[in-house]
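A short worksheet on the structure shown next.
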């Protein structure tokens, strides 16, 4: 696998069922959409008809939540086969998933579980990312998840871990700016050090989202609120460092009217100082 992913400097939204009809009935002012891959795997009927209609109109990114790239048991071959079939249908800008594990012993956790940042975990992730990229015949984008616990055996920072992973596998990065902010508050690190520590030439997409306050001062990545001012400020720092790359508003709960998300996307354009293809 030696393919590369070029830069795409558009502004987009996650495609959610609440807005399917709006995307089907008229063109919307977005440069791309992102789907949750698992929502369209091993299914048929109306969901796939909707997907086909949307992908005919908009460049589409595929974002996964269940590949479990941190699993010491390796990757599920059936999952990879279904994902590859969907990618063949969608012809996406790219495929992405998270730096995490999602279950053990054939049982899923329905959550993005954290990894220790040490050499053993790095070797597991290198092997799994390499295997996935070989099967899928394309490089992956790897997203930094939010986290709420850290491990005593950590020997490197999250950004050092991601930098090493890109170097060893040739993968790219999906930078979730909200997750950087959430984790920086939860663990007490400098969010700007995170941005400075990852390789600028490997970032291809940025996620923006809202979060909530949890117990004991933790921030929780809930995707149920607008982007807050401190995350907007961090996004401005990210665009200054990484330059033009695809930016998306991610909303998965308390989903508002489409007009509200489009207005928030306009804020992203203004903070980036870049006009998207549909702007």
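How big is the Cα convex hull of region 159-227 in projection, averaged over all directions, in nm²?
Result: a mean projected hull area of 4.9 nm².
Say each of residue 57 and residue 213 gets a label point 7 Å from the Cα, pointing the same way as Cα to Cβ; how far apart are those two points in nm?
4.0
For region 199-240, compute the orientation-averaged projected area of the C-alpha convex hull (one quarter of its surface), in nm².
Mean projected area of the Cα convex hull: 3.8 nm².
Translational diffusion coefficient, Stokes-Einstein: compute it for region 42-92 using the Kirkwood radius over C-alpha pairs as Rh, at 37 °C and 0.692 mPa s, and state it as an integer in µm² s⁻¹.
266
Pop a pseudo-label 7 angstrom from the Cα along the beta-carbon direction at both residue 266 and residue 167 and give the gap in nm to one decimal.
The modelled label-to-label distance comes out at 4.4 nm.
Mind giving me the FRET efficiency for residue 89 and residue 24? R0 is 30 Å, r the Cβ-Cβ distance, nearest 0.05 is fine.
Between residue 89 and residue 24 the formula returns 0.95.
Over all directions, what mean area does the Cα convex hull of region 198-279 project, stated in square nanometres?
One quarter of the hull surface, i.e. the mean projection, equals 6.2 nm².
What number, in percent, do you get for the relative contact order of the chain if the mean sequence gap of Cα pairs under 8 Å and at least 6 apart is divided by its residue count?
Relative contact order comes out at 21 percent.
Working from the alpha-carbon coordinates of region 95-203, get Rg over Rh, Rh being the Kirkwood radius.
Ratio value, two decimals: 0.94.
Express the Stokes-Einstein translational diffusion coefficient of region 1-143 in µm² s⁻¹, to the nearest whole number, given a Kirkwood radius over alpha-carbon pairs, 10 °C and a viscosity of 1.306 mPa s.
98
Residue 46 versus residue 148, label points 7 Å from Cα toward the beta carbon: distance in nm?
Those two pseudo-labels are separated by 3.4 nm.
Would you kindly calculate the translational diffusion coefficient of the chain, applying Stokes-Einstein with the Kirkwood radius from alpha carbon pairs, for 10 °C and a viscosity of 1.306 mPa s, and quote it in µm² s⁻¹ without decimals?
Diffusion coefficient, whole number: 84 µm²/s.
Only the coordinates and a few stated rules stand behind these numbers; no lab work does. The structure presented is a predicted model; accordingly, all values stated were derived computationally and were not measured. As a convention, Cβ positions derive from the backbone with ideal geometry for all residues, glycine included, and neighbour counts pool all protein chains shown.
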